[in-house]
Each structure stands twice: as C-alpha cells, then as structure tokens.
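None of the figures in this text is laboratory data; all of them are computed from the coordinates on show. Small disclaimer: the values here were computed from a predicted structure and weren't measured. FYI the Cβ positions are ideal-geometry reconstructions off the backbone, even for glycines, and counts take in every protein chain you see.
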Amino acid sequence: MAAPTPGGRTGTPLTWRVARLVERRPETPTAQTLVLEVPGWPGHVAGQHVDVRLTAPDGYQAARSYSLAGPAEGDRIALTVQRVPDGEVSPYLIDVWAAGDPVEVRGPVGGWFVWRTTEAAPVLLVAGGSGVVPLMAMIRARRAAGSRVPFRLIYSVRTPADVIYADELRRRARDDQGLDVAYVYTRAAPDGWRGEPHRLGLADVNTHGWPPDLEPLCYVCGPTGFVETVADLLVGLGHPARRVKTERFGPTG
Amino acid sequence: MTEMSYLDGNMLDGPLRELFAVDLSSATGRCESCGMVGPMAGLHVFSHAPGLVGRRPACTEVMLRLVRAPDRAWLDLRGSTFLQVPMPPDQPHPRPL
C-alpha cells in the first residue's frame, strides 16, 4: 500500500479522478456503504478521507468529505454515507447514483486523524452515529495487519437499528482478539441492555475506556457536540490533549 | 453564527493540498490572538462564506481564510504567527555538489 509519509511530502499532486459505483450495501435505514472503483487509487491509511465532487449539468459543483470505511482492495474503496435530509450530496449518492455513473473523487487526504498499523499504544475509539466509519476502517486495518494492539470501541447510537456494521462488529468483537465493543443508546436500548438510554457521559468513558496512565491513543468521531463533549471528558480524565484526536461532522451533506 | 454551524478542520486537507506540496493535515499553527498552538485539523471551519474560514476553537479568532475561484486561490493567514509542518529528515548530500 503506497501510503503517504506522515505529514510529509506526498510527491503526487492531488487530482480529481473519475470513480464509478460498483456495489451498494444498505447498513441502516439511512446509511449505505458504497463501493467505488477508482482507477489508479494509490492506497491509503485508516482514518483518511476523500473529497467527492458532483457537477450539475449547468456546471454547479458541490464537494463533500467522506471517510474511507476500510483498507483499499486494489482500485476499490468503500465509503459509508449517512443520508442528510436536505443535503446536496448524500441524497444523490444514496438515492440517485446508479452503477456505472461517474462522480469525481480526490484523495486520500488527511494525515492527522489516522491510525497506522505500526502504532503500539492501546487505542480507544469513541463513535457517535456515523462517526463509526473511520474508526471501523481502523478496526479493519488492525485485523488485516494481524495487529495485537488492544482496541476498545465505545459506540453511541440512538437505537439498535442505527448501529452501522452491526453484524460485523458482533463478529469481530467475538473473533478479533483484543477488540472490545461497548454500546451506548441515547433513545431506545435493546432488551437485556443494562441501564437506561442516555447520552454518553463520564461513567461510560471511565468504564469502557483506558486509564490515562496506559497512554492510549484516543480517536473521537461524530457530530460536533458529541465530539466536543467526549474530548472534554477525556482531557478532564487526564488524557493529554495531543493524544485525543477528533473528527467532527457538521450538518451539511 | 449558530453554535453547530461549523465543519471539521480535517476537511481543509483537500483544499490545502491544492496549494501546497506538503500535507498540512498534521501541521500545527500558532494563533496570533491567543498564542495557543494547535493542529490545523482542530480548527472550526465555516463554509457559508464564499470560501473557507478556519477559527481557533478556544478563542474563535480567524487563523485562516481560503477562497477558491476557478482560476486562482486566495489564502489569508494573518491570524497565524507560524505553521509548523512535520517533514521527513533532511538528507544532506554526501559530498559537495
């Protein structure tokens, strides 16, 4: 995999490439995984993202960033897109885009919110909603590399039906040694789940995260308010701010 | 400005890669206003303006403005006193050129 050097020269200019849809997988009622074929894809690191650009017949363009959902398979990349009501790009990708239709893609971009398989520190992943996508890329990259670094994922969702990658997470929590997955439900919890629906708080981070003295790397991704809350909790618990990496997503899509 | 109206600093990676030979996503910058040093990825980005405006989360001052037109780009960094960019180790030439 031709990964860019950390924060260094990438050598090649960032250009828009034409991508085509090859597969579409529903994940939840509002999220889909889209598999794109991007000829000449250079490879990427877990946590990186791509910019996707649509051009209307009158020349109007709209571009959005989407996290890569897993390691590349040759020229194929996967994005998991959550439908944003009234969004410009996500409804097109989910409802209109047909197999073979072109869109423009550039990337990979990003060298900060990434996890490299050479890292040895324990990892805490905290996801809110579709913020799980780049974190799942890290979980998949860990497995693909045979890494034994201990991973913990805390995943906050509204209801059990909103869990993206539900089956795979269940399987990986069972089969991938050293991966723990904990869920927090904000609106409705499944039968048998201990506790009442609530927003993720200090007790959840304390129970399911790593203590700061283990010097874990923390990755937090989700809606803006969620990310700020969790990052503040982690720093408050004693994690150095530079070890708490965040990625937020706003309302546009 | 409503509280949730900003985007993530990580989204600047693509637009800045159009201008620079290095990946600025892991660069850190110092805010001229509050003096804090933080990652570019940590900026709050407002995209409603005709362009991208990056503000420091703590003091909300503007550190970066980027406006892209079809045939040019304007980059205004007056709110930043420096950018520190991780680079691969410099390799000195083994002998005089």
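Where in the stretch B:9-80 are there GluC sites (Glu not before Pro) that are in a DSSP coil and have at most 15 other Cβ atoms within 10 angstrom of their Cβ? Write out the running numbers ahead of the final one.
Numbers: sites: B:18, B:32, B:61; in loops: B:18, B:32, B:61.
Answer by residue number: B:18, B:61.
Hydropathy first: keep DSSP H helices in chain A averaging at least -1.0 on Kyte-Doolittle, then drop any whose Cα extent along the axis falls short of 15 Å, and list what survives. Don't skip to the answer; put the middle values down first.
Working: long enough: A:132-145 (19 Å, 0.90); A:224-236 (18 Å, 1.20).
Counting only whole DSSP H runs, the qualifying helices are A:132-145, A:224-236.
Taking chain B as a Gaussian network, where each spring joins two C-alpha atoms under 10 Å apart, which residue of B:71, B:23, B:13 fluctuates the most?
B:71
Cα-based Rg of the protein assembly as shown per 2.2 N^0.38 Å, rounded to two decimals? Don't skip to the answer; put the middle values down first.
Numbers: Rg = 19.9 Å, N = 350, 2.2 N^0.38 = 20.4 Å.
That ratio works out to 0.98.
Using the basic label-point model (7 angstrom from Cα toward the beta carbon), what is the residue A:118 to residue A:214 distance in nanometres?
2.4 nm
Specify the residue with the greatest mean-square fluctuation among A:71, A:216, A:197, computed from a Gaussian network of chain A linking alpha-carbon atoms under 10 Å apart.
Taking springs between Cα atoms under 10 Å, the residue moving most is A:197.
Extending each Cα 7 Å along its Cβ direction at residue B:83 and residue A:99, get the distance between those two points in nm, one decimal.
With each label point 7 Å from Cα toward Cβ, the separation is 4.3 nm.
Under the 0.36 nm per residue contour assumption, what length would be gained going from the current alpha-carbon distance of residue A:232 and residue A:62 to full extension? Mind dumping the intermediate values first?
Details: separation 170, 0.36 × 170 = 61.20 nm, distance 3.27 nm.
In short, 57.9 nm is gained.
Between the stretch B:34-84 and the stretch A:223-242, how far is it from one alpha carbon centroid to the other, in angstrom?
The stretch B:34-84 and the stretch A:223-242 have Cα centres separated by 22 Å.
So what's the Cα pair-distance distribution over the stretch A:15-86, bin width 5 Å, in %?
Histogramming the stretch A:15-86 at 5 Å steps yields 3, 15, 23, 28, 18, 9, 3, 0 percent.
Can you give the Rg/Rh ratio of the stretch A:161-253, where Rg is from the C-alpha atoms and Rh is the Kirkwood radius?
Values: Rg = 14.3 Å, Rh = 14.9 Å.
Computed over Cα atoms, the ratio is 0.96.
What percent does the relative contact order of the stretch A:101-199 come to when contacts are Cα pairs within less than 8 Å and at least six residues apart? Intermediate results must be reported in sequence, preceding the final value.
Details: 119 pairs, mean separation 24.4, N = 99.
Answer for the stretch A:101-199 is 25 percent.
Any chance you could get the radius of gyration and Dmax over the Cα atoms of chain B, in Å?
Both quantities, over Cα of chain B: 15.4, 59 Å.
Within the protein assembly as shown, what percent of beta bridges assigned by DSSP are antiparallel, to the nearest 5? Before the final figure, lay out the partial values.
Working: 54 of 78 bridges.
Of the beta bridges lying entirely in the protein assembly as shown, close to 70 percent run antiparallel.
I need the shape label for the stretch A:1-131. Rule: rounded when a/c is under 1.5, else prolate if a/b > b/c, else oblate, with a, b, c from the alpha carbon gyration tensor. It would help to have the intermediate numbers written out before the result.
Working: a/c = 1.85, a/b = 1.32, b/c = 1.40.
It is oblate, given that a/c is not under 1.5 and a/b is not larger than b/c.
Got a sec? Charge dipole of chain A, +1 on Cβ for Lys and Arg, -1 for Asp and Glu; which of A:28, A:188, A:115 is way out at the positive end?
A:115
Write down the radius of gyration of the stretch A:61-204 and its Dmax, each obtained from C-alpha positions, in Å.
In order Rg, Dmax, the Cα atoms of the stretch A:61-204 give 16.6, 48 Å.
Of the candidates B:87, B:63, B:36, which one comes out as most mobile in a Gaussian network treatment of chain B with C-alpha springs shorter than 10 Å?
B:87
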